[in-house]
Amino acid sequence: MSNKTDSNSYTVLFAIGMVLVVGALLAFTASSLRPMISANQKIEKQQNILYAMGINENEGSSFAFVSKDKVEGEFGKYIKKQLVIENNVPAEDDKAYLIDIKKQQTLAKDGKVRKLPLFVGEKDGKTFYIAPIRGKGLWDAIWGYVAMDKNMVVQGVFFDHKGETPGLGANIKQRYFMDDFTGEDLMSNGQFKGIAVSKSNNDPKNEDKTDNEVDAIAGATITGDGVAAMIKSELKLYVPYFKTLK
Amino acid sequence: MGLLSKKDAKLITDPLADNNPITIQVLGICSALAITAELQASIVMSISVLFVLGVGNVVISLMRNIIPSKIRIIVQLIVVAALVIIVDQVLKAFAYELSKTLSVFVGLIITNCIIMGRFEAFALGNGPWRSFLDGIGNALGYAVILVTVGFFRELLGSGTLLGFKVLGDPIEKTGLYAIGYENNGFMLLSPMALIVVGIIIWVQRSRNKALIED
């Protein structure tokens, strides 16, 4: 047996055959499942946006999105306008939630004009402005949605991540971390300041809403800093638009 | 032992204690350190490894007579990587929520030394049924340690188990916290996982006669 499988030609043929079989198998799986995966991703984006503006199925301290079958209807009901801001000029676009933030960030890096999506939602007579943000955590991308009122006071957030450490950085998508942001002011004395994720603030119960700080997660310094950095760099871009609302 | 012969049953029971992949063979330590800060993550990882190791061992065992020995490591890598990617894609299509929880573990499964170790040491030389049992046994041995470490790290580090606050609320100062108990934040960091694994190894070696060296 060993004579046959040890020859160079057999090895090369086996390698080629293996690559072809595995490659075909993976390509087939990926392309046949793609429509379902992208439908799931679309639903997820809508759920995330609605979650940030407080439309979810949380009970007590549990965490739950609007259910999959209801999300399409709820999204149409609560999100009144989808805007794309280019060069500080807003325009309506009902596909704005599908804009790939990562691609837009690359465009901006190359010196091109970046599209900034913004979703205007209404619930109980209150208007919410929801902006997507994206940045870097410790291992990989982190992203989220921040719902604000017209004075840039946070009304709710949703964070997610690709591969942060479970139990540490991955906890940015836990209620206890996200809920702390609600009510925090992004401005300080009329200037945009962002919200820092602080290890040293003396406000673990988060009662001071104007300190531009929330309490950090122990053991997740770099992920926390990433959250603060993406809030600062991304939401800053929306400041000119919010000025026009006053 | 109606279902399994004595020899086959040993394939399952051995890795649970006397030949545990983590504490005796010291394989799979990397993921044992990385993801045991929470009990839930430990359990999810254990189930994933159970699946990949069980199926992977069978696939490698079926191919064992046609794999050229010069490139066998690469073949093993391709099998495990393909398996993990297919599972990930299928989950993304049919169980999206679950796949989001698992996505972090995908990379960790592919590089898990236990998987490569079992392919190389067992599946290449044994039939599919025995390889399957060996895969399940080793994955269970891995799971036992992972869950134990996860249990202590989450309990002592965050005061919770599976997310439930079993010791009271640290901010509201209820339960144990009312009498001055504090969470040990150090338990959440990887070095403490190594120390916990070390303690398990110590306890196991001092109690199990077969493992005591002169």
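Since every read-out is calculated from the coordinates, none of them should be taken as a lab result. Keep in mind that what you see is a predicted model, and the values were worked out from it rather than measured. Note: ideal-geometry Cβ built from the backbone for every residue, glycine included; neighbour counts use all protein chains shown.
Counting helices only, and only those DSSP H runs with n ≥ 4, report the 222 nm mean residue ellipticity of the protein assembly as shown as the sum of -39,500 (n - 2.57) divided by its residues, in deg cm²/dmol to the nearest 500.
-16500 deg cm²/dmol
Might you report the magnitude of the Cβ-based charge dipole of the protein assembly as shown about its Cα centre, with Lys and Arg at +1 and Asp and Glu at -1, to the nearest 20 debye?
1240
For a test of the definition: using alpha carbon positions, the gyration tensor, and the 1.5 limit on a/c, classify the stretch B:78-211 as rounded, prolate or oblate.
oblate
Sort the following peptides by mean Cβ neighbour count (other Cβ atoms within 10 Å, averaged over residues), highest first: A:227-235, A:188-196.
Output ranking for A:227-235, A:188-196: A:227-235, A:188-196.
Just need the relative contact order of the stretch A:95-246 here, percent rounded to a whole number, with Cα pairs under 8 Å and 6+ apart.
19 percent.
Given a cut-off of under 8 Å on Cα pairs at least six residues apart, what relative contact order in percent is computed for the stretch B:21-205?
35
Mind listing the phi-derived Karplus ³J(HN,Hα) values for the stretch A:192-199, rounded to whole Hz, using 6.51, -1.76 and 1.60 with θ = phi - 60°, and x for any glycine or proline?
Rounded to whole hertz, the list is 6, 10, x, 10, 8, 9, 10, 8.
Considering only DSSP beta bridges with both partners in chain A, what is the antiparallel share in %, to the nearest 5?
90
At B:L161 and B:K10, where each label point lies 7 Å from the Cα along Cα→Cβ, what is the point-to-point distance in nanometres?
Here the modelled spin labels are 3.6 nm apart.
With the cut-off at 1.5 for a/c, could you classify the stretch A:41-244 from its C-alpha gyration tensor as rounded, prolate or oblate?
It comes out rounded by the Cα gyration axes.
The stretch B:1-66 to the stretch A:116-152: how many Å between their Cα centroids?
43
To the nearest 20 debye, what is the magnitude of the charge dipole of chain B about its Cα centre, counting +1 on the Cβ of each Lys and Arg and -1 on the Cβ of each Asp and Glu? Could the numbers behind the result be given before it?
Numbers: 16 positive and 14 negative charges, 122 e Å.
Taking the Cα centre of chain B as origin, the dipole is about 580 debye.
Projected onto the charge dipole of the protein assembly as shown (+1 at Lys/Arg Cβ, -1 at Asp/Glu Cβ, origin at the Cα centre), which of A:T210, B:G175, A:N56 gives the Cα projection farthest towards the positive end?
The residue sitting farthest along the positive end of the dipole is A:N56.
Between beta-carbons, use under 11 Å as the cut-off and find the net charge around A:S61, counting Lys and Arg +1, Asp and Glu -1.
Details: positive: A:R175, B:K165; negative: A:E59, A:D179, B:D169.
Summing Lys and Arg as +1 and Asp and Glu as -1 gives -1.
Under a crude label model (7 Å from the Cα following the beta-carbon direction), how far is A:K150 from A:R175 in nanometres?
3.2
So, R0 is 45 Å and r is the distance between the beta-carbons of A:N201 and B:A17; what FRET efficiency does that work out to, to 0.05?
0.40
Under 1.5 on a/c is rounded, so check that first for the protein assembly as shown, then, if it is not, pick prolate when a/b is larger than b/c and oblate when it is not; a ≥ b ≥ c are the square roots of the alpha carbon gyration tensor eigenvalues.
Since a/c reaches 1.5 but b/c is at least a/b, the shape of the protein assembly as shown is classed as oblate.
Can you pull out the trypsin sites (Lys or Arg not before Pro) in the stretch B:1-101 whose DSSP state is coil and whose Cβ has at most 12 other Cβ atoms within 10 Å? Please list the in-between numbers first.
On the way: sites: B:K6, B:K7, B:K10, B:R64, B:K70, B:R72, B:K92, B:K100; in loops: B:R64.
Listed in order of number, the matching sites amount to none.
Tell me the label-point distance for the pair A:E72, B:I171, using the 7 Å Cα-to-Cβ offset, in nm and rounded to one decimal.
Inter-label distance under the simple model: 3.8 nm.
What is the gain in length, in nm to one decimal, between B:V90 and B:N208 on full extension, counting 0.36 nm per residue of separation less the C-alpha to C-alpha distance?
Extra length from B:V90 to B:N208 when fully extended: 38.2 nm.
For B:V26 and A:S7, what does the FRET efficiency come to when R0 = 30 Å and r is the distance between their Cβ atoms, rounded to the nearest 0.05? Provide the component values of the computation, followed by the final result.
Numbers: r = 37 Å, r/R0 = 1.22.
Computed FRET efficiency for B:V26 and A:S7 comes out at 0.25.
Per-residue HN-Hα couplings for the stretch A:142-154, Karplus 6.51 cos²θ - 1.76 cosθ + 1.60 at θ = phi - 60°, whole Hz, x for Gly and Pro?
10, 8, x, 10, 10, 9, 10, 8, 6, 9, 6, 9, 5
Counting only other residues whose beta carbon sits under 9 Å from that of B:L39, what net charge do I get with K and R as +1, D and E as -1?
Its environment carries a net charge of -1.
With a length cut of 18 Å (Cα positions projected on each helix's long axis) and a Kyte-Doolittle mean of at least 0.5, go through chain B and give me the DSSP H helices that pass.
Working: long enough: B:39-62 (35 Å, 2.06); B:72-94 (33 Å, 2.10); B:96-110 (21 Å, 1.35); B:128-158 (42 Å, 0.81); B:190-207 (26 Å, 1.17).
The qualifying helices are B:39-62, B:72-94, B:96-110, B:128-158, B:190-207.
Summing +1 for each Lys or Arg and -1 for each Asp or Glu, what net charge is found among the other residues whose Cβ lies under 10 Å from the Cβ of B:D8?
+3
Taking B:K209 as the anchor, which lysines have their alpha carbon closer than 28 Å to its alpha carbon, excluding any fewer than eight residues away along the same chain?
B:K6, B:K7, B:K10
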